[in-house]
Structures are given as structure tokens and as C-alpha cells.
Amino acid sequence: MSSGSSSVIERARARIVYDSRGSPTIEVEVRTASGAVGTAAAPAGKSRGRHEAVPYPDGDPYRSAQIFNQEIALKLVGRDALDQRGVDAFLREVDGTPNFSRIGGNLALATSVAIAWAAARSASLPLFAHLSKIFNMRTALPLPLGNVIGGGAHTLGQAPDIQEFLVFAFPEASLRKAVEANFLVHRRVSSALTELFPKAAIGRNDEGAWAAPLPSEQALSLLTDIIESVANETGVPLAVGLDVAASSLWDSSRQQYVYKREGVRRDPGEQIDFIIDLVSTYPIKYVEDPLHEDDFAGFREITDKLRKFDCLVCGDDLFVTNPERLEHGIKEGAASAILVKPNQVGTLSDTFRVAQLAHTHGYVRIASHRSGETEYAYLSHVAVAIGARLIKTGIMGSERVAKLNELIRIAEHLGIER
Ligand code: 2PG
Ligand code: MG
């Protein structure tokens, strides 16, 4: 595995930096004998799945930093950064729990990525090429899945109950045209909202999507008109996506989905009918978490029913990037796509294990940011290395655009940008 001693770790440390919400997050820095440095910070979710890795022990990033500097750093010294699987297994062993509740999944991820970066730099490879080599997956250049109207847990006030109204280009588009078309849709939505609400202040939410007092269906019809006109003007075929984030709507005691802002309740059967009705009315080709995180049977039903619309059904809180949960989903026939969020599971090795499993069973991979992000763009490299079809990165704000800019550089490196 080793290519001599230049990739051996000489020094490692953790510190606290801040994410796009101004919340403290963990950053890990690793240096190898060749002088190559890898650094990575972890993002933070707000609408988190119940089965995700625990981000920090007792919710405290400072505690994770302390654990790293006191217990982990010295034990990493002397290990080969090229041995990603070995290092990731070591992190699991030091943690000793099934969900990183002792050291924190975010610490595990920042360490795992910092080591991969250091190894890639020691080998003079871009990160995606290093990852695709060690985890043996075929690369692909994903197109952006951008959140243009936001509601749910990411948005304050009278915004829609559905968390994300997204836009994305069909695969025949080039990356640059797809990125520019998404930006144009975002701009046009702002003009439409200013016209609709001339007296209201229209703001942007955590991911740069527009926040406005719109019921879900009105948001969808507005977006449909805009993507049609942008597609005509630019020649980029576009579709709408939804992240219902249904676990945030689910009231388990009443067994109902509660659309608080719209004043509606739906039982599971009505929820399925509602989503099918939306998909048959609007050009929706992607639906994420239409049902709550433990309803595998419901996911199977909705996946079967949406097949004829050629609409992807994606599991985020359902799978939480966890190989065991995906295996269960495969057996049940639940969903046709998986959202891959590395900090939901904790290490790159686990992230690639789940991506490989998804690939083997024909599930589309969609790489995803978190609503609290950092300026790091390693997600773009992970997306390419897992052969993702789409990358969900929000839409505006430099922490979101950084991922798209990195993809443009990767495309140039791959020589596939048109
Ligand atoms: C989601 C994500 C990202 P969060 O639900 O898909 O948009 O949100 O990071 O808050 O879990
Ligand atoms: Mg989601």
C-alpha cells in the first residue's frame, strides 16, 4: 500500500473554526513526511436524521478537539496516510461505539478527509483521483441540484412546509451551462417574488434559497413557469426537485404529517397521494424524503408508483449514508437514489462502502452538502469519485459556490468540459 515513507503522517492537530451559520466546527490538519498538508473541516446538519452518526460528544465540538489533541494525534503519527481504510478502522476502534458518539462523527470525518488530502498531495494527485484509485470506483461529473426556494427547518417565518424546492439540468447539459441555468433560475425567482410581494422583505435562507410566504403549490407553479422560460432561453433542459424532509413534518403520536404553516395534516396514505399528485402536475423528477425516516414500506410504495413518471425517489434521513440501512432499503425495494452525506456516517471508507453498494444495486448516487457548510470543497471530489449523477450544494453563498467552482476545475482536469 505504501509508496515509500513520504506519505507517513508526521504531525496532526485539531482546532475549532466556524461554519456558515457561525457555529463552531472541527478542523483537522495533517502533515506527512513529504511536507504535504491535508486540512478539512466538518459541516453541520439542521434537519438531521435520527440514525445519523452523532456529530459531537454531548454536542460539544471543543470536546472533540480535545479528544483529538490528547488521544488521537500521537497515535496517527507514524501511520501511512495512503492506508485510508486502516486509518478509518482505527478511528472506529478508538471511538468504540457504533455511531461515533464518543469522539464525534464530525471529528471522524474531518480526520478522514484531512488524511486523504495529505495522501493525495503526497502522491501529487487531485483528491478525486486519489479517492477513485483507493476505493476503486469509476468517476463521473455530477450536475448541480440547487435549492432555489426554501422552507422547513432551514427557513424562518411563513415559508413553505416543504424544506427545499430544487432545480437541476438533465444529464445532456454541460456542467457550466447547468450551473449558469441554476443561477439564472435563482435570479428569476427573486424577481418573481418581488413582484408577488412588493411590500415584503424577501430573504435568503441557510443555503441561499429564497424565503417567502408561499404555500408549497404556489412555489411549485412559480418555479415551473421559470424553469420553462429559462430552459427555452438557454437550451438547457431543466427539472424540479423536492426535499420534503418529511421526518420534520411527522407527528409520530398522531401518525400524521403536519404542514403547520399551511394548516394541513395528512396521514401516510394521504401523504403518498399528495406527492404523487404534485409529481403528476409539475415537472418534478426528483423527490427526497417524501416519507419519514423509518417508513421503508411506504418508500417502496411511492418508489413503485413514481416509476412511470421517471422521477427519482431519494433517501436522505431514510438511509443516513449508512450501509446497513441501505441494505435494508435494497431488500425492501425502497427508493431509487441515495443521498451521500459523508458526515452522516463519519469516515470516507464508510462513505465509499455505501456508494459502492448503491452502485451495485442500481441506486443513483447524489452527493450532498449540509445546511451548515464550510469553505472546503472536498465534497466535489467525493461526488466525482463516487460517480454521483447530481451534487446538492444549495445555491448561493461562497461556501456553496465553492463546491461548484471546484467541480469546474475538476472537469477541466478531466478534460470533459464543453
Ligand atoms: C437535507 C440537508 C441539506 P441538513 O435535508 O438534505 O440540504 O439539510 O444539512 O440541515 O440536514
Ligand atoms: Mg434532505
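The values are calculated or read from the model by the stated rules, or taken from the named source; none is laboratory data. All figures in this text were calculated on a predicted structure; none of them were measured in a lab. No Cβ is skipped: glycine too gets one built from the backbone with ideal geometry, and neighbour counts run over all protein chains shown. To get the accessible areas, we keep the full protein, side chains included, count just its heavy atoms, and leave off ligands, DNA and RNA. Shrake-Rupley method; radii C 1.70, N 1.55, O 1.52, S 1.80 Å.
Some values worked out for this structure:
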item: Anisotropy class of region 360-418 from Cα gyration tensor, a/c 1.5 cut; result: oblate
item: Note, ³J(HN,Hα) from phi for region 127-136, Karplus 6.51, -1.76, 1.60, rounded to Hz, x at Gly and Pro; result: 4, 4, 5, 4, 5, 5, 6, 6, 9, 6
item: For region 144-191 and region 81-139, distance of Cα centres in Å; result: 31 Å
item: Phi-based couplings in Hz for region 271-279 (Karplus 6.51, -1.76, 1.60; Gly and Pro marked x); result: 5, 4, 4, 4, 5, 5, 4, 4, 5
item: Whole-Hz couplings from phi, Karplus 6.51/-1.76/1.60, listed for region 159-173; x for Gly and Pro; result: 7, x, 6, 5, 6, 9, 10, 10, 10, 7, 8, 5, x, 6, 6
item: Reachable lysines from K133, criterion Cα separation under 25 angstrom, eight or more residues apart if same chain; result: K341, K392, K403
item: Ranked order, H413, H369 - accessible area, probe 1.4 Å, largest first; result: H413, H369
item: Solvent accessible area, Å² - Y56, 1.4 Å probe, full protein context; result: 20 Å²
item: The chain, relative contact order in percent, only Cα pairs under 8 angstrom and at least six apart counted; result: 19 percent
item: For region 341-418 versus region 292-328, the gap between their alpha-carbon centres in whole angstrom; result: 20 Å
item: Y376, Y286, ranked by accessible area, largest first (probe 1.4 Å); result: Y376, Y286
item: Beta bridges per DSSP with both ends in region 157-313, % antiparallel, nearest 5; result: 70 percent
item: Gyration tensor verdict on region 253-406 (Cα atoms; rounded if a/c is under 1.5, prolate if a/b is larger than b/c, oblate otherwise); result: prolate
item: Ranked by how many other beta carbons lie within 10 Å on average, peptides 101-109, 8-16 from highest; result: 101-109, 8-16
item: Nearest-10 value in Å² for the accessible area of S247, using the 1.4 Å probe; result: 30 Å²
item: Lys, Arg +1 and Asp, Glu -1 on Cβ, resulting dipole of the chain about Cα centre, debye, nearest 20; result: 920 debye
item: Three-way shape call for region 135-414 based on the alpha-carbon gyration tensor, with the a/c threshold at 1.5; result: oblate
item: Residue-averaged [θ]222 nm for the chain, counting only DSSP H segments that reach four residues, each worth -39500 (n - 2.57); result: -12500 deg cm²/dmol
item: Eligible lysines near K199 by straight Cα distance, threshold 25 Å, same-chain separation 8 or greater; result: K260
item: For the chain: accessible area per residue (Å², 1.4 Å); result: 38 Å²
item: For Y282, net neighbour charge (Lys/Arg +1, Asp/Glu -1) across residues whose Cβ lies under 13 Å away; result: -3
item: Carbon/sulfur fraction of accessible area - region 9-124, other protein chains in place, 1.4 Å, %; result: 47 percent
item: Dipole magnitude (debye, nearest 20) for region 18-138, charges at Cβ of Lys, Arg, Asp, Glu; result: 320 debye
item: Under 5 Å, built H, 5+ apart or other chain: amide partners of K392; result: L145, A367, S368, H369
